[in-house]
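This report concerns only the one structure given below.
The values are calculated or read from the model by the stated rules, or taken from the named source; none is laboratory data. Since the model is a prediction, treat every value here as computed from it, not as a measurement. Glycine gets a Cβ as well: all are built from the backbone with ideal geometry, and neighbour counts include every protein chain shown. Surface areas here come from the heavy atoms of the whole protein model, side chains and all, with no ligands, DNA or RNA. Shrake-Rupley method; radii C 1.70, N 1.55, O 1.52, S 1.80 Å.
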Amino acid sequence: MKRIIATSFDNNYFQQGINLIASLHRTSLLSFDHINVYDLNFSDDQRKYLNDLEKVNVVDYPDWCRDIFEGFLEPKNRAYKSFVIKDMGENLGADALVLWMDAGLSCFGDIDEIFKLIEEQEFFIPDHDDKPQWPFYNINFTHREAIKVMKPSGDELLGVQLCSCLVGYKTKGKYQHLIDEAFELGKQKDVVLWPKVPQAEEKFKAKLNAEQKSLKEKLLEQKNLRKHARVEDVLPLFDYYGHRTQSIYSILAHRYNAPFFSAKRYRRSNDISSAAAIRNWAETAKNTDGQSSFSNLEGMDEDVLIYHHRGVYNNLEGLRFKRPSEHVFIMGNGPSLKEVPLDEIFRFDTIGMNAAYRYWDTVNMYPTYYCCMDTVVLESHKEEVKRLIDKASMLGIRRFFLRRVFLDWYPEHEGAWNITFLEDIIPSNRFFDLDKVTTGSYSLLFAWYLGYRSIDILGVDLNYVEKVEGAALKEGRVLEIEDDSQENPNYFFDGYQVKGDKYNPPNPHPNLHVRAWHKAAQAIKDMPCNVTNLNPESRVKDFPFDTVANRLKQFGMLGAEFQQVAENTVSIAKETLCWRERTLTDFQCFLDPEKRKIDRILKKIEKKFLDYSKFEYLKEIKVDETECFARGWHNSERIKKKLCRWTHGSGDVTLIVPTPKLIRGGLEVILLVEAVFDDSQLELNQVTINNRVTNFQIKKNNKGIFLIFRTSEVKNSDFIDVRFTIPAGKKSNPKSHGLKVSNVYVRSSLSPLSKEFPFSNFDALAYAKSNPNALLKVESGESFSLLDCYISDNSSILYIHGGYPIGGRQKEVLS
């Protein structure tokens with residue numbers, strides 16, 4: 001039995017549409033056959049991008065649809081929906097299952113559940129019982145002129161309003177006539193073309209006397225009375241808020257006694273989403289895109305199958321692309337690639353990188369995908385990368401992974417369907433939000449992003465010579481090849497680097513590439529993905545090793561292709577469970593009430609004061625009685641907003657918070673420390689920056705302790721060390737007291753604070769050495785999140801680091 005999903009949107013709703021598709025890929029890839037996207041006004045690049053997504057087909061509206069009436073295909077009118085829902089079933093024969101889904105939906109669970117309901121009940125549509133003002137009725141959302149055309153009974157008008165963001169049916173089934181009739185009604189202007197948000201004079205507010213109030217109550221309580229009620233008698237009793245095209249399906253569902261289902265499970269929304277619905281109609285959906293994020297999950301819980309977010313939720317994790325096969329080779333450029341039979345490797349899907357195009361040109365073989373994350377290398381080779389893009393279809397390169405700096409030189413490639421810019425996907429895909437970016441390690445993430453779950457790594461040796469013969473240091477740390485006559489030990493062919501090439505030293509920080517590969521491996525470690533390193537001498541030790549010969553032998557075995565397909569199916573099923581667990585974790589993280597409160601504070605600051613384009617420094621501002629400082633960094637550079645657990649016990653406790661990256665000069669900080677204790681006062685002893693005592697201000701209110709301090713000559717590696725005295729608490733009730741860091745607000749300082757308070761010196765390092773079991777620290781070069789922090793029973797110092805959560809890493813005591 002075929003299962004087809006249909007949707008339709010234009011370029012304004014493109015981001016919402018991609019979010020819908022990504023959620024279906026995450027949760028339900030094995031539960032449907034195709035997603036048909038009807039094109040309302042895509043650009044050529046948008047059409048190609050959509051057609052490149054797994055199980056997605058772009059469908060054109062027939063020309064005669066435009067002749068039905070002017071505005072039939074206008075997105076805000078929603079008339080087109082009745083055509084798509086009917087058209088989807090026209091060529092499927094009997095007993096196929098069709099499900100319409102609005103672009104502003106995201107799945108949190110497998111929609112197999114909905115398809116089973118359609119198969120059993122033959123029709124599916126949700127109500128609005130997720131709203132606190134529920135129930136409301138068709139009469140509240142159907143224009144009086146539309147009522148004249150549709151001719152509903154009093155009972156149908158007083159039926160609860162249903163939501164056509166989801167409409168499912170079995171073709172040629174019990175409710176096929178409902179689908180056909182909805183299309184006929186959708187073709188009539190007087191049923192469709194009425195404002196969703198009418199002018200004040202168009203709204204109707206019923207003013208009822210006692211008799212009318214009594215009649216209204218009886219109509220809502222007694223079905224028999226509704227059946228015989230005249231429409232003209234009912235209309236004056238109920239408010240009118242604005243027209244909804246979904247009234248077509250809602251009225252017809254009541255007319256034909258079709259089943260409907262709870263919005264609390266099948267299309268839950270929230271206040272943020274409801275506001276977006278009005279904004280999308282009155283303005284444009286692109287205005288909502290700017291307010292979209294992972295964290296807009298208010299009101300969501302594990303019972304929600306589908307979130308009706310209308311654009312405020314942005315999660316493209318799990319989006320998958322069409323691929324020639326299920327396996328890919330990542331081709332690094334290390335010397336070990338000399339021993340690899342590349343003519344055989346190029347028969348498979350491959351990812352190539354950086355300046356290896358010089359080799360590909362000589363053998364006339366090119367990879368399936370190209371990647372370059374190094375901005376210096378990209379600038380040095382920009383003309384050749386442009387050549388590869390312009391000839392991509394001839395060369396067989398399906399997609400390019402680049403940095404947005406490429407658009408500074410070639411702005412005409414903005415929006416190109418076959419170019420993915422790292423900066424564009426980070427806001428909607430947390431797997432790429434790592435602090436160490438290299439072309440090789442991100443090629444692994446891009447392979448996973450495309451949908452490959454069987455990945456082999458070639459030529460990733462990482463035994464670099466940091467400065468080869470013939471290279472000279474230029475501005476900053478950039479190197480330039482001035483003499484290319486010497487043998488280059490870093491790459492697999494002579495001529496990889498030639499005179500004039502600019503590049504970064506391979507490891508500007510110790511073991512950068514090794515650590516970057518480790519970070520990438522950790523990012524996908526919880527997902528079912530088989531990654532194998534085919535160079536046993538490689539310094540990347542995060543994956544099992546094998547040999548090229550053995551892998552090629554396996555691929556050449558009879559039935560290997562079918563085995564890959566079977567393994568991929570099993571992998572998808574496992575991955576669905578992983579995504580579900582990740583969603584539940586998001587609920588716990590983003591819905592924590594303390595986290596929501598802090599996020600609201602930050603949003604107020606950003607909305608009122610931040611200008612990301614000008615990087616302006618801010619003056620003192622007041623938010624919820626808290627003096628906050630902030631600097632207009634981009635989101636990826638701002639301190640992560642994470643919470644640490646409560647610390648309990650008495651005596652001194654030190655909170656150590658890292659300074660953010662890219663700080664230049666001085667630093668101003670507000671550290672919000674919330675305290676709970678038994679009528680005692682939390683005392684602040686001192687603030688130090690890497691053991692350098694600094695001046696500070698302190699403010700207290702019923703929410704906690706707010707520290708404001710300033711320092712100079714801050715280094716990227718510096719830590720803010722704040723020492724408190726916690727009052728003794730009751731041992732029997734450790735939750736009666738404690739403290740935690742709620743947030744950190746930081747900006748570079750331009751001037752001293754209005755007041756400074758001197759205090760006595762204190763050597764935190766000496767204290768730590770005299771209390772060897774007190775200071776917790778991670779292994780050298782590693783980090784763990786605030787959520788991972790802890791303090792032992794007999795410890796008096798807590799170490800807090802704002803790095804990315806990597807979970808389960810060994811923590812050692814600094815002696």
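Going through the stretch 503-564, which chymotrypsin sites (Phe, Trp or Tyr not before Pro) have at most 15 other Cβ atoms within 10 Å and a DSSP loop state?
Numbers: sites: Tyr503, Trp517, Phe545, Phe555, Phe562; in loops: none.
Loop-located and lightly packed - none at all.
Taking the Cβ-Cβ separation of Lys48 and Thr375 as r and a Förster radius of 41 Å, what is the calculated FRET efficiency to the nearest 0.05? Display every interim value, and only then the final one.
Details: r = 27 Å, r/R0 = 0.65.
It comes to 0.95.
Taking 0.36 nm per residue of sequence separation and subtracting the Cα-Cα distance, how much length would be gained by fully extending the chain between Val565 and Ser325, in nm to one decimal?
85.5 nm
Using the structure shown, list the pairs from Lys286/Lys574; Lys519/Lys574; Lys391/Lys553 with a Cα-Cα distance above 29 Å, or answer none. Please report the intermediate quantities before stating the final value.
Working: Lys286/Lys574 35 Å; Lys519/Lys574 22 Å; Lys391/Lys553 33 Å.
Flagged as over cut-off: Lys286/Lys574; Lys391/Lys553.
Mind jotting down the distance between the C-alpha centroids of the stretch 7-58 and the stretch 409-474, whole Å?
25
Under a Cβ-only charge scheme (Lys and Arg +1, Asp and Glu -1), can you give me the dipole magnitude of the stretch 137-264 about the Cα centre, in debye to the nearest 20?
For this selection, approximately 300 debye.
Enumerate by residue number the trypsin sites (Lys or Arg not before Pro) in the stretch 513-582 meeting two conditions: DSSP loop (anything except H, G, I, E, B), and at most 16 other Cβ atoms within 10 Å of the site's Cβ. Display every interim value, and only then the final one.
Numbers: sites: Arg515, Lys519, Lys525, Arg539, Lys541, Arg551, Lys553, Lys574, Arg580, Arg582; in loops: Lys525, Arg539, Lys541.
Filter output for the stretch 513-582: Lys525, Arg539, Lys541.
Taking the solvent-accessible surface of protein heavy atoms with a 1.4 Å probe, what is the per residue accessible area of the stretch 102-260 in Å²? Provide the component values of the computation, followed by the final result.
Numbers: 7050 Å² over 159 residues.
Each residue of the stretch 102-260 exposes 44 Å² on average to a 1.4 Å probe.
Would you be so kind as to identify which of Val234, Asn280, Ala263 lies farthest towards the positive end of the dipole of the stretch 218-283, taking Lys and Arg as +1 and Asp and Glu as -1 on Cβ and the Cα centre as origin?
It is Ala263.
Exceeding 23 Å between C-alpha atoms, which entries from my cross-link table qualify? They are Lys55/Lys131; Lys382/Lys502; Lys148/Lys216; Lys174/Lys216; Lys189/Lys264.
Correct reply: Lys55/Lys131; Lys174/Lys216; Lys189/Lys264.
Which order do you get for Glu561, Glu298 if you rank them by accessible area with a 1.4 Å probe, largest at the top?
Working: Glu561 140, Glu298 85 Å².
The most accessible residue leads, giving Glu561, Glu298.
Looking at the stretch 432-506, which GluC sites (Glu not before Pro) are DSSP coil and have at most 16 other C-beta atoms within 10 Å of their C-beta?
Glu466, Glu469, Glu475, Glu482, Glu487
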